[in-house]
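Participant: Pasting a structure below so you can have a look.
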Amino acid sequence: MAKKVRIEYDTCTACELCYDRIPEVFKSKDDGIADVVKYDIEEDENTKWMIIPEDLEGDVEEVAEECPSGSIIVEEE
Ligand code: SF4
């Protein structure tokens, strides 16, 4: 089953780790807070998911574990 990822904008500390590591999935907003590069599922203004390309799932899960503020949320689609 595919997995999806989103950023918890309120807790992201703009440490740059995720978008430095995986620019295919993460980007920086103007204020340095992370975001996903594409919105596949928009639940509301603060809950925007990207479906993770299959070949990047492992990398995304790894960076989610390394995020110092636990702001990268990965769930089954
Ligand atoms: S790794 Fe975590 S804290 Fe750092 S920019 Fe990405 S979401 Fe924000």
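Participant: In the range 30-43, which residues are within 14 Å of the ligand (Cβ to nearest atom) and over 12 Å from the mean Cα position of the chain (by Cα)?
Facilitator: Correct list: Asp30, Asp31, Gly32.
Participant: Which residues, taken from the range 1-25, are free of Cβ contacts under 8 Å to residues at least 24 places away in the same chain and near the ligand (Cβ under 7 Å from one of its atoms)?
Facilitator: Those that are free of Cβ contacts under 8 Å to residues at least 24 places away in the same chain and near the ligand (Cβ under 7 Å from one of its atoms): Ala14, Glu16, Tyr19.
Participant: If you go through the range 41-59, how many residues are surrounded by 11 or more Cβ atoms within 10 Å (Cβ to Cβ), in contact (Cβ under 8 Å) with a residue 40 or more places away in the chain and within 13 Å of Ala2 (Cα to Cα)?
Facilitator: So the count comes out to 5.
Participant: Given the criteria surrounded by fewer than 16 Cβ atoms within 10 Å (Cβ to Cβ) and away from the ligand (no atom under 13 Å from the Cβ), does Glu62 qualify?
Facilitator: no
Every residue, every condition in (1) exposed (fewer than 11 other Cβ atoms within 10 Å of the Cβ); (2) assigned to a loop (DSSP other than H, G, I, E, B); (3) in contact with a Lys or Arg (Cβ under 8 Å, 6 or more places away or on another chain), yes or no:
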| position | (1), (2), (3) |
| --- | --- |
| Thr11 | no, yes, no |
| Pro23 | no, yes, no |
| Asp31 | yes, yes, no |
| Val74 | no, no, yes |
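Participant: Got at least one residue in the range 65-72 being of a type outside the set (Ser, Thr, Tyr), part of a helix (DSSP H, G or I) and surrounded by fewer than 15 Cβ atoms within 10 Å (Cβ to Cβ)? Before the answer, list the steps.
Facilitator: Filtering the range 65-72 down to residues of a type outside the set (Ser, Thr, Tyr) leaves 65-68, 70, 72.
If we keep only those that are part of a helix (DSSP H, G or I) too, we end up with 65-66.
The next check asks that each one be surrounded by fewer than 15 Cβ atoms within 10 Å (Cβ to Cβ); those that pass are 65-66.
Within the range 65-72, one or more residues are of a type outside the set (Ser, Thr, Tyr), part of a helix (DSSP H, G or I) and surrounded by fewer than 15 Cβ atoms within 10 Å (Cβ to Cβ).
Values quoted throughout were computed directly from the atomic coordinates according to the rules given, and no laboratory measurement underlies them. Because the structure is predicted, anything quoted here is derived from the model rather than measured. Don't worry about glycine lacking a Cβ; one is built from the backbone with ideal geometry, like all the others, and counts go over all protein chains shown.
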